[in-house]
Amino acid sequence: MLVNAANQRSNFLVNVLFSLVLTLGVVVIAVVYFYGESIAEKTTNLISDDLPTYDLLHKLDKGLIEQERYLYEFYINKRESDFSRGYTNSFQQGLDTLAELQLRLGNVQPLQIIRENLTSVSKVGNEFFLNIMEPDTDWDFAIEQLRLVSEITRDTTHQTQLLVHQTERKVKVSEQKVLTGLESVRFFVVLYSVITLLIAFVVTKAIRTYLVNSVSHQRLSLFPARNPNPIISLDHKSNVTYSNPATDSLLQRLNLPMGKTHLLLDKNIRLHQEKILSETSIRSTIFEYEIDNLYFQCDLHWVEDQRQWDIHLTDVTERKRVQQELSYRATHDQETGLKNRYELEKSFTDLYAKTDAFVLGLIEIRSFNQLLTIRGLTVASTVVKEVALVIDEVVSNANLTGFQVYHTGEKSFAITNTEGLSKKDIYSLVKQIEAKISSTIFHSQDQVRLDFGFACFPEHGNDYTRLHKNALAALDKSASSEDKSHILFTVELGTKLAYEQKLIDDMRVAIEEVEFELYFQPQLELQTGTIIGAEVLIRWQRDDEWVSPAEFIPLAEKAGLIDILGDWILHTSCQKARKLVDLGFHDLVVAVNISPLQFGRKDFLEKVKQALKDTQLSAKNLELEITEGVIIYNEQETIATLESLKSLGVQLAIDDFGTGYSSLNYLKKFNIDKLKIDQSFVRNIQHESADQSIVRTIIELGRNLGLTLIAEGVEEQEQLNILKHMGCDEMQGYFFSRPLPEQEFIEFVQQQSGA
Ligand code: C2E
Ligand code: CA
Ligand code: CA
């Protein structure tokens, strides 16, 4: 196409230039001819007219002078014969010359004067001759006559000079005209030469372009033949007019009969052709189609000037397979082969459009991180695969239809159901999955537990984000409460979550504005009753109402606020402890509650050191209360941190002892000082023998390990007595004192020490 256009352009250019050269040539020939004619005429005039005129005038002049000379010679030597021959001759010659001049110049005035002069000279000459020949020559008269002749001769010469000047002027004008003519001819010849040169240059270029084009055209014409991809041409009626050798190879490869080239084309090619023909701005299109499991890309071009279709086929099967593979990978989980999170999100667009109601269920493997850290990645991913299989199997064998299972994250799965899953169905499905999970012997022999959360469209959310969030909330709730009745999201749960969110927002402000306060609950020695220290408990008055730390601390942990809040508590507790020391209570120990998240931070140890350093507090006045929860993760790191804290001189207590994992194993490994018997065992100790047994066991255990024992939540004298009897070392509780504001606590201690 391009080559054609270039050739057409070159042709046009060549034609234009040729016409130009021709026209200019004709013009130049005309000009040269015209000026040549005129120059020739002028030159001829000069040669045939003007130059002889010159000669004649000259001759006339000479004749007159000669005539005058004859008179003078005759005057001197009186030789008659000489005079009559010479003088008459020259006179006759003068007349002839004059006649000739008159022929050339016409009877112009100077010639008339000259003729009269000649006649006068002849008359005077004759009289002069007769006078001289007289025996008594009148010499005076003779001299007078000679003078007259000289005068006439001068006048005649003057006339001839006039004519000479006239002729000269004429010659000059002719010469000027000849020169101008020559100048014009030269100008046109030079102009023509320059234009011809320019044209030659342009034509050379055009020729070169043409040659280059024709070479590339030749090469291009070989291109289809050598092209490894099929190239097919169709005429405007879609009959095959050309196909290259690669087309035959493809026919062979597909076991199609030779010559049946049209079988290689897409069945829908007509539609593409119609589209191209209907829109003038489109001359080509690219589309893909399949023949016998092979995929082809078809470049379809409509070649307007040749009224034919050019088709280039490329086998894109490999690329298609890779694309399919990539798309599979992008939409499916590699390990389980289940659709992934993106597919779940994407499926929602469809679900909204097609169904009025559907259910979204989320499933998570409980304590997966623990499994991962303890058993490693390989075992963990085997467990994930096995769980995926169980879920898929239960869902496939369920009486209901309309399920789709997704693997949405490392430990997370999702189920959607579009067939109106009822609340009862949801519980039954969960039961089936749980039953199957507990009966499955996992390859890793691990006990696997799952958490579930369900939400229904549209009542629990009308977009993916909200529905997912609510299903997750139900999952969190059921997991944290260990109560399966919470697996389905409820409006109440939603209200609670909204309340919690508000609390979190307010807490953020409260942290900024330091709306928190620290209270101190005294701890005393059971045997002696002396105050040995206090537990620091945070207090927050929000809109004139106290919010329980049991409520907001877990939320602070959830919202990521515990670090900043914990830092403040630690730092402020050390400050207050330092104040107590300054007041003279050198041995009082301030016990600070540390959240497991706070303890788990890499820089926790540094923060403790910094707080002690900033407040100049001795480490022995600081106790940290940690729960068994901190021990679950990263046992090695926990041991290391505890060791470092211990070597600083900070005291360590295990809070709420007996309620957590109760893996007694860690007590051996961890270098701690104190066990804090949880208040749940103390609450009914006077009535419940089971609680008594537990507390007794804990005390014995602590004893054996050389740990101090403190009981919390002591409210009654009876409880105190039992604990004392059991050998508990210390206690804390309402019986002795509620948590007190700082000033009240100081007064309390002062009173006690004074008492
Ligand atoms: P905890 O560490 O077990 O704290 C003891 C809780 O028992 C305190 O509740 C305290 O007021 C209460 N208590 C003390 N004596 C008695 C008693 O005789 N009877 C009864 N029924 N309760 C008693 P509080 O202050 O509401 O704290 C609740 C929980 O909040 C704490 O449990 C602790 O886990 C957390 N917490 C409180 N302050 C802080 C803090 O500063 N930092 C962190 N990380 N957690 C804190
Ligand atoms: Ca505590
Ligand atoms: Ca406690």
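Here, each number is a calculation from the coordinates, and none is a lab measurement. Note that the structure is predicted; figures quoted are calculated from it, not measured. Note that we place each Cβ from the backbone using ideal geometry, even for glycine, and neighbour counts take in every protein chain shown.
Annotations for the structure displayed:
- Loop-resident sites, segment 698-749, for chymotrypsin sites (Phe, Trp or Tyr not before Pro), counting at most 11 other Cβ within 10 Å (DSSP): none
- Distance-filtered residues of segment 715-755 - backbone nitrogen under 19 Å, label point 7 angstrom along residue 579 Cα→Cβ: 738-753
- You can think of it this way: the chain between residue 515 and residue 55 has 151.6 nm of extra reach, that is 0.36 nm per residue less the Cα-Cα gap.
- Estimated from helices alone, the mean residue ellipticity of the chain at 222 nm is -21000 deg cm²/dmol (sum of -39500 (n - 2.57) over DSSP H runs with n ≥ 4, per residue).
- Net length gained if the chain between residue 485 and residue 696 were fully extended (0.36 nm per residue, minus Cα distance): 72.4 nm
- At R0 = 56 Å, FRET efficiency that the Cβ-Cβ distance of residue 81 and residue 34 yields, to 0.05: 0.35
- In terms of packing, defined here as the mean over residues of other Cβ atoms within 10 angstrom, the peptides 552-561, 465-474 line up highest first as 465-474, 552-561.
- Exposure proxy order (Cβ contacts within 10 Å, fewest to most) of 614, 678: 614, 678
- Share antiparallel - DSSP beta bridges, the chain, percent rounded to 5: 70 percent
- By other beta-carbon atoms within 10 Å, ranking 386, 419, 712 with the fewest at the front produces 419, 386, 712.
- Partner aspartates and glutamates for residue 579 [C-alpha distance under 18 Å; skip if fewer than 8 residues away on the same chain]: 517, 535, 587, 614, 623, 742, 744, 747
- Only Lys, Arg (+1) and Asp, Glu (-1) charged, at Cβ; segment 491-559 dipole about Cα centre in debye: 200 debye
- The modelled label-to-label distance for the pair residue 374/residue 349, using points 7 Å beyond Cα in the direction of Cβ, is 4.3 nm.
- Cβ-to-Cβ counts within 10 Å put 301, 407, 486 in ascending order as 301, 486, 407, the fewest first.
- Length released on extending from residue 443 to residue 738, taking residue separation times 0.36 nm less the Cα-Cα span: 100.9 nm
- log₁₀ of I(q)/I(0) at q = 0.21, 0.28 Å⁻¹ - segment 437-505, Debye sum with one point per alpha carbon: -0.85, -1.18
- Site pair residue 751 and residue 555 shows an inter-label distance of 3.4 nm when each label is modelled 7 Å from Cα along Cα→Cβ.
- Listed cross-link partners 275/339; 477/576; 502/613; 607/668; 411/646; 62/170 are compared with a 29 Å cut-off, the Cα-Cα value being larger for 275/339; 477/576; 502/613; 411/646.
- Two-decimal log10 I(q)/I(0) for segment 139-250, as the Debye equation yields it once each C-alpha is a single scatterer, q = 0.14, 0.17, 0.22, 0.24 Å⁻¹: -0.88, -0.98, -1.13, -1.19
- Rounded Å value of the spacing that divides the Cα centres of segment 693-708 and segment 425-500: 39 Å
- From most to least packed by mean Cβ count within 10 Å, the peptides 187-196, 238-247 give 238-247, 187-196.
- Amide hydrogen proximity for residue 533: with H placed 1.01 Å from N in the peptide plane, the residues at 5 or more positions away or on another chain lying under 5 Å are 523, 589.
- Gap separating the Cα centres of segment 324-397 and segment 27-99, nearest whole Å: 133 Å
- Placing dummy labels 7 Å off each Cα toward the beta-carbon, the span from residue 317 to residue 329 is 2.2 nm.
- Selection from 373, 514, 12 lying farthest towards where the dipole of the chain points positive, charges on Cβ: 12
- The rule of thumb for compact globular proteins, 2.2 N^0.38 Å, goes into the C-alpha radius of gyration of the chain 2.41 times.
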